[in-house]
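Chemist: This structure is in structure tokens; I'll ask about it shortly.
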Amino acid sequence: MSEWLVLTLAMAAACVVVLVVAVVRHHTAPEDDDPSETPDVIEYITMMIGVVYAIVLGLAIAGVWEARSVAQDHVQAEAQALHEITERVRVYPEDVRDRIRDDVDTYVGHVVTKEWKSMAENGEMTDRGARLFDRIRQDVTDYKPRSDFEAQAYQPLVDQVAAADAARNARAGSSDAALPGVVWFGLIIGAVVTVGMVFALQIRRTPRELILAGLFSALIAFLLFLVWDFDEPYNRGLTASTEPLLQLFPHARD
């Protein structure tokens, strides 16, 4: 199911639930019920609950957005390190240079076509990706420089392999959801309480109040959708992408 369809259904469902509850409450209210006589303390509590929940929800959005940005930085760092490897090996003999570049291209192609899907669906890296990266490491570290010029390029190449390995490990570590289940429990319960407090204010069934109540609930649903969509950095719609790898290795999808 498309993420945007999920968002649309969630916002529509929130609006419908609020409107149905408002209409049912209006019809079941006693005849002497006066909506204008809402105690001041209820208004104060409603305001404080809204403020507290807004802070918590804002922190959750900031947290998952930061996790997404960090995940994208890992991909960028890995792509740049691999690109540096393919550029710095130009000082090596042609057969060694071509072998290293071919192995890097094979690894990147596997990441963007196979491993990324495994991370999105299972939250795991692939064993083949690890083997392909080990092959790059062996290509670089096992080569014995034949001249001073090659020896000067050897250590920077080893450093770039280490940087790519660190970025790969960081990418593996950030593939899980950023928010634990207890936080999601608090966010959902907080949303229910926040929207429910609207009815504590004894809203009437006027078009203006019903529209505002519906829009408020739809806004809460939209913000929760953003948290949910950002929560897994390598999955869903608004997530970290393979664009850094594809920019530096445009033939990786071939």
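Chemist: Do any residues in segment 142-160 that are under 21 Å from Ala81 (Cα atoms) and of a type in the set (Gly, Ala, Ser) have Cβ atoms under 9 Å from those of residues that are at pLDDT 85 or above and not in a helix (DSSP H, G or I), where the two are at least six apart or on different chains, and which pairs are they?
Modeler: Ala151/Pro145; Ala153/Tyr92; Ala153/Pro145
Chemist: Would segment 236-247 turn up any residue that is among the β-branched types (Val, Ile, Thr), buried (at least 20 other Cβ atoms within 10 Å of the Cβ) and at pLDDT 75 or above?
Modeler: Looking only at segment 236-247, we keep the residues that are among the β-branched types (Val, Ile, Thr), and these are 239, 242.
Going one step further and asking which of them are buried (at least 20 other Cβ atoms within 10 Å of the Cβ), we end up with none.
Checking segment 236-247: not a single residue is among the β-branched types (Val, Ile, Thr), buried (at least 20 other Cβ atoms within 10 Å of the Cβ) and at pLDDT 75 or above.
Chemist: With exposed (fewer than 15 other Cβ atoms within 10 Å of the Cβ), modelled with pLDDT under 90 and in a helix (DSSP H, G or I) as the only criterion, which of Glu150, Glu121, Glu115 stands out? Even if it seems obvious, please write down each step before you answer.
Modeler: On the way: Glu150 fails: exposed (fewer than 15 other Cβ atoms within 10 Å of the Cβ); Glu115 fails: exposed (fewer than 15 other Cβ atoms within 10 Å of the Cβ).
Matching residue, one of Glu150, Glu121, Glu115: Glu121.
Chemist: When you check Asp148 against the structure, is it more than 30 Å from Gly123 (Cβ to Cβ) and not hydroxyl-bearing (Ser, Thr, Tyr), yes or no? Before you say what the answer is, go through the steps one by one.
Modeler: Numbers: more than 30 Å from Gly123 (Cβ to Cβ): yes; not hydroxyl-bearing (Ser, Thr, Tyr): yes.
So Asp148 passes the test.
Chemist: If Ala191 meets every condition in (1) surrounded by 17 or more Cβ atoms within 10 Å (Cβ to Cβ); (2) at pLDDT below 85; (3) assigned to a helix (DSSP H, G or I) apart from one, which number is that one?
Modeler: Ala191 satisfies every listed condition except (2).
Chemist: Evaluate segment 86-94: report whether one residue or more is of a type in the set (Asp, Glu), in a helix (DSSP H, G or I), out of contact with any Cys (no Cβ under 6 Å at 6 or more places or on another chain) and more than 16 Å from Ala177 (Cβ to Cβ).
Modeler: Yes, that holds for at least one residue.
The values are calculated or read from the model by the stated rules, or taken from the named source; none is laboratory data. None of these values were measured; they are calculated from a predicted model. Cβ sites come from the backbone with ideal geometry, for glycine too, and all protein chains shown count toward neighbours.
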